[in-house]
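Enquirer: Sharing a structure with you now.
The values are calculated or read from the model by the stated rules, or taken from the named source; none is laboratory data. Because the structure is a prediction, the values reported are computed rather than measured. Virtual Cβ from ideal backbone geometry, glycine too; neighbours counted across all protein chains shown.
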Amino acid sequence: MLFNIKTFKLNINNIEMDCITFGKGDKPLIMIQGLNTNGIKGAGFLLAYMYRKFIKDYKIYIFDRRKELYEDITVKDFAYDISLAMDKLNIKNAYIFGVSQGGMIAQYIAINRPDLVNKLVLALTLSRNNKTVESVVNNWIELTKENDMKNLIIDMVYKMYSQSYIKKYKLFIPLLTIIQKPKDKKRFITLVKSCLTCDTYDDLNKIKCPVFVIGAKNDEVVGSEASIEIAKKLNFKLYMYDDLGHGAYEEAKDFNEKVYNFLMNKKSSN
């Protein structure tokens, strides 16, 4: 197969989660996605194509959030789930790449299970709440409760992407409001609420592995300062996109290259 894609379910201590693996390398790379409206099921080829830069050198693992949620679940709980999954699959000393909510989860793994982490990439994420993320999250929750799925997706698009990117793909926004709307509103609200449970700032100094922090100056979801303060606290490398927002991981053509170069100890052109 082109990307060596495999999908399966893990059930550990009654915690069930969907999993996708792809890649032909022998280095384990855990990619932790941000908030997802409908999970990773059926997204294997799309994800493998999106991260094809890593196919040759890494075996990539993507774990969905657990199937059964409880109301006050936290990103720390999701970190525990991934740690269990890595133990189950005998994955140690892995490269971990977390985006947005995934970056929150990745921090907890690095803090509480340093044996699992070789290098860490934290992209478009935060270590503690701020007014920007609180406003965004509360708005998304209210729109979902009101069953206003159209304006929910529209707000997500406009909060994430640059105006030039939106203008380029504006014709596709009506389609996105259909295919990206949450199928399970209760689950989505619980996942959104969990974004406000990250509180790692005071423990960031417990992270001992090399870290690369990526942020964006126009991030309207977690705020640009969130990435800056993580990098300052850790005293590690920071790259900020000047003209992009929270969706820089999709919008920036060199995003995966920057991550790849850090993981492979290659010098970046920037």
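For (1) over 20 Å from Tyr158 (Cβ atoms); (2) modelled with pLDDT of 95 or more; (3) among the aromatic types (Phe, Trp, Tyr), each residue gets a yes or a no:
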| residue | (1), (2), (3) |
| --- | --- |
| Val213 | yes, yes, no |
| Gly223 | no, yes, no |
| Ala231 | yes, yes, no |
| Tyr241 | no, yes, yes |
| Gly245 | no, yes, no |
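Enquirer: Here's a check for you: in the range 190-203, which residue that is out of contact with any Asp or Glu (no Cβ under 9 Å at 6 or more places or on another chain) and in contact (Cβ under 8 Å) with a residue 40 or more places away in the chain is farthest from Arg113 (Cα to Cα)? Spell out how you get there, then give the answer.
Expert: As a first pass, look at the range 190-203 and keep what is out of contact with any Asp or Glu (no Cβ under 9 Å at 6 or more places or on another chain): 191-192, 195, 198-200, 202-203.
Applying the additional criterion that residues be in contact (Cβ under 8 Å) with a residue 40 or more places away in the chain yields 191-192, 195, 198-200, 203.
Details: Leu191: 23, Val192: 25, Cys195: 21, Cys198: 17, Asp199: 16, Thr200: 14, Asp203: 13 Å.
Selected residue: Val192.
Enquirer: Could you say whether any residue in the range 117-133 is of a type in the set (Lys, Arg), over 22 Å from Leu238 (Cβ atoms) and outside any strand (DSSP E or B)?
Expert: Initially, the range 117-133 is screened for residues of a type in the set (Lys, Arg), giving 119, 128, 131.
Checking which are over 22 Å from Leu238 (Cβ atoms) leaves us with none.
No, the range 117-133 contains no residue that is of a type in the set (Lys, Arg), over 22 Å from Leu238 (Cβ atoms) and outside any strand (DSSP E or B).
Enquirer: Okay, moving on. Taking the condition in contact (Cβ under 8 Å) with a residue 40 or more places away in the chain, β-branched (Val, Ile, Thr), out of contact with any helix residue (DSSP H, G or I) (no Cβ under 7 Å at 6 or more places or on another chain) and surrounded by 18 or more Cβ atoms within 10 Å (Cβ to Cβ), does Thr37 pass? Spell out how you get there, then give the answer.
Expert: Working: in contact (Cβ under 8 Å) with a residue 40 or more places away in the chain: yes; β-branched (Val, Ile, Thr): yes; out of contact with any helix residue (DSSP H, G or I) (no Cβ under 7 Å at 6 or more places or on another chain): no; surrounded by 18 or more Cβ atoms within 10 Å (Cβ to Cβ): yes.
Against the criterion (in contact (Cβ under 8 Å) with a residue 40 or more places away in the chain, β-branched (Val, Ile, Thr), out of contact with any helix residue (DSSP H, G or I) (no Cβ under 7 Å at 6 or more places or on another chain) and surrounded by 18 or more Cβ atoms within 10 Å (Cβ to Cβ)), Thr37 does not qualify.
Enquirer: Okay, next question. For the range 143-186, which fully contained helices (runs of 4 or more DSSP H) count at least 1 residues that are out of contact with any His (no Cβ under 8 Å at 6 or more places or on another chain) and charged (D, E, K, R)?
Expert: On the way: elements: 149-160, 163-168, 173-179.
Per the criteria, 149-160, 163-168.
Enquirer: Oh, and also: Tally the residues that are within 17 Å of the chain's Cα centre (by Cα) and either not in a helix (DSSP H, G or I) or not basic (Lys, Arg) (or both), restricting the search to the range 190-204. Talk me through it step by step, then tell me what you get.
Expert: Kept after step one, since they are within 17 Å of the chain's Cα centre (by Cα), are these residues of the range 190-204: 190-200.
Within this subset, residues satisfying the condition of being either not in a helix (DSSP H, G or I) or not basic (Lys, Arg) (or both) are 190-192, 194-200.
Matching residues across the range 190-204 total 10.
Enquirer: Check off (1) more than 16 Å from Gly103 (Cα to Cα); (2) at pLDDT 95 or above for Thr177 and give me the number that stays unchecked.
Expert: For Thr177, the exception is condition (2).
Enquirer: Sticking with this one: Can you confirm whether Asp219 is surrounded by fewer than 17 Cβ atoms within 10 Å (Cβ to Cβ), within 23 Å of Leu122 (Cα to Cα) and acidic (Asp, Glu)?
Expert: On the way: surrounded by fewer than 17 Cβ atoms within 10 Å (Cβ to Cβ): no; within 23 Å of Leu122 (Cα to Cα): yes; acidic (Asp, Glu): yes.
The answer is no for Asp219.
Enquirer: A further question on this structure: Against the conditions (1) part of a loop (DSSP other than H, G, I, E, B); (2) buried (at least 20 other Cβ atoms within 10 Å of the Cβ), where does Met86 fall short? Just the number, please.
Expert: In the conditions (1) part of a loop (DSSP other than H, G, I, E, B); (2) buried (at least 20 other Cβ atoms within 10 Å of the Cβ), Met86 misses (1) alone.
Enquirer: Mind checking which pairs have a first residue in the range 109-122 that is without any contact (Cβ under 8 Å) to a residue 40 or more places away in the chain and a second that is surrounded by fewer than 17 Cβ atoms within 10 Å (Cβ to Cβ), Cβ under 7 Å, 6 or more apart or different chains?
Expert: Within 7 Å, the pairs are Asp115/Lys92; Leu116/Lys92.
Enquirer: Give the number of residues within the range 173-189 that are free of Cβ contacts under 8 Å to residues at least 60 places away in the same chain and polar (S, T, N, Q).
Expert: Of the residues in that region, 1 qualify.
Enquirer: Take the range 205-232 and flag every residue that is assigned to a helix (DSSP H, G or I) and in contact with a helix residue (DSSP H, G or I) (Cβ under 6 Å, 6 or more places away or on another chain). Step through it out loud before you land on a result.
Expert: Going residue by residue through the range 205-232, those that are assigned to a helix (DSSP H, G or I) are 205-206, 224-232.
The one that is assigned to a helix (DSSP H, G or I) and in contact with a helix residue (DSSP H, G or I) (Cβ under 6 Å, 6 or more places away or on another chain): Lys206.
Enquirer: Moving on to the next point. Only one of Lys145, Lys183, Lys208 is modelled with pLDDT of 95 or more, surrounded by fewer than 16 Cβ atoms within 10 Å (Cβ to Cβ) and over 14 Å from Met104 (Cβ atoms). Can you tell me which?
Expert: Of Lys145, Lys183, Lys208, the one residue that is modelled with pLDDT of 95 or more, surrounded by fewer than 16 Cβ atoms within 10 Å (Cβ to Cβ) and over 14 Å from Met104 (Cβ atoms) is Lys145.
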